[in-house]
1. Evaluate the stretch 130-150: report whether one residue or more is at pLDDT 70 or above, part of a loop (DSSP other than H, G, I, E, B), more than 21 Å from residue 69 (Cβ to Cβ) and over 27 Å from the mean Cα position of the chain (by Cα).
2. Of the residues in the stretch 76-106, how many are buried (at least 19 other Cβ atoms within 10 Å of the Cβ) and farther than 15 Å from residue 142 by Cα?
3. With (1) at pLDDT 75 or above; (2) assigned to a loop (DSSP other than H, G, I, E, B) as the list, and residue 30 as the residue in question, which single condition is left unmet?
4. Looking at the stretch 107-114, can you tell me whether even one residue there is surrounded by fewer than 16 Cβ atoms within 10 Å (Cβ to Cβ), modelled with pLDDT under 95 and assigned to a strand (DSSP E or B)?
5. Only one of these conditions is not met by residue 104: (1) touching a residue at least 24 places away in the same chain (Cβ under 8 Å); (2) in a loop (DSSP other than H, G, I, E, B). Which number is it?
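The values are calculated or read from the model by the stated rules, or taken from the named source; none is laboratory data. Please read these numbers as outputs of a predicted model, since none were measured by experiment. We place every Cβ from the backbone using ideal geometry, glycine too, and count neighbours over all the protein chains shown.
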């Protein structure tokens, strides 16, 4: 009888300890969707990975790094080291068309030229091949570059020296 009571008491003790242990268990926190961000998952509508510097080129129909193209510096600050203020130009294979990637603008602009040596034009925009390149908007010089990938022109440009094409 003493053995039965001892076994019964031990069984109740084990069961009751397990009961209290289950009550003390911490419930898992709900998963926050904002924390489940996949790194490198910032592709745009065309599948270009913006965090790696890629953007869609309407002209070349592919993801490109615009800073690998021709860099034009602001005409009012040509020696600026801030690449985010620059505009970038990419050309198609035949160099008949140019695509402008302007700072703080989502859409690129396609410019077309009629013949070699002529300016690339789209509405109020003109890209003129002259001592490198000069980009005009409504007849005013807004950007200039020496024609080298990534290099900048320093010094001033006198608008009287630049050929005017209408």
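1. yes
2. 3
3. All conditions are met except number (1).
4. no
5. Here residue 104 meets the rest and fails (1).
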